[in-house]
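This report concerns only the one structure given below.
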Amino acid sequence: MRIGELAERAGVSTRSLRYYEKQGMLTARRDANGYRVYDESDLELVREIRALLTVGFTLEDARPFVECLRAGNDTGDACPDSVAVYRRKLAEIDAEIRLLWQRRQRVAAQLTRACPGCVLRDFREG
């Protein structure tokens, strides 16, 4: 398939695909007239990249997942390097949550001082 079809099927722009190629995440073959040509495995690579980017991973974070798929695995997270990225990302998220929780406690304390009768809603209640 050509770049336009891959972009449409993957739900990304052709510009994104060219960027992924420039970053070494995607490799296009060229047909006789120089057009980029992709196959179904490239579609899976792009879907994997997009899924990871959507949940906050960087393109560099996605690299081990892409390599895992290129190695013939059914999923991009079947390899130890991918699992290591998951672990690192979870640790980063946990650190962010701790920081946000500390900030929330400080703001709640300030609100309690400013408004002694105010009721604080628990954020987990929606």
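Values in this text are rule-based calculations from the coordinates and carry no lab data. Values in this document were obtained by computation on a predicted structure and should not be read as measured data. Counting neighbours? That spans all protein chains shown, and the Cβs are built from the backbone with ideal geometry, glycine included.
Positive contributions from Lys and Arg (+1) and negative ones from Asp and Glu (-1), summed over other residues with Cβ under 14 Å from the Cβ of residue 75, come out at -4. Using a 7 Å offset from Cα along Cα-Cβ at residue 118, what residues in the range 84-112 end up with backbone N under 20 Å from the label point? Of the residues in the range 84-112, 100-112 have backbone N under 20 Å from the label point off residue 118.
Hull volume per residue, based on the alpha-carbon atoms of the chain and their convex hull, is 145 Å³. Summing charges over all other residues whose Cβ lies under 13 Å from the Cβ of residue 6, with Lys and Arg as +1 and Asp and Glu as -1, gives +1. When the charge dipole of the range 3-114 is built from unit charges on Cβ atoms (+1 for Lys and Arg, -1 for Asp and Glu) and taken about the Cα centre, the candidate among 66, 4, 114 whose Cα reaches farthest toward its positive end is 114.
Derived scalar couplings between HN and Hα for the range 58-71 equal 8, 4, 5, 4, 6, 3, x, 5, 5, 4, 5, 5, 4, 6 Hz in order, rounded to whole Hz, by the Karplus curve 6.51 cos²θ - 1.76 cosθ + 1.60 (θ = phi - 60°), x for Gly and Pro. Near residue 85, once Lys and Arg are set to +1 and Asp and Glu to -1 for all other residues with Cβ below 13 Å from its Cβ, the sum equals -3.
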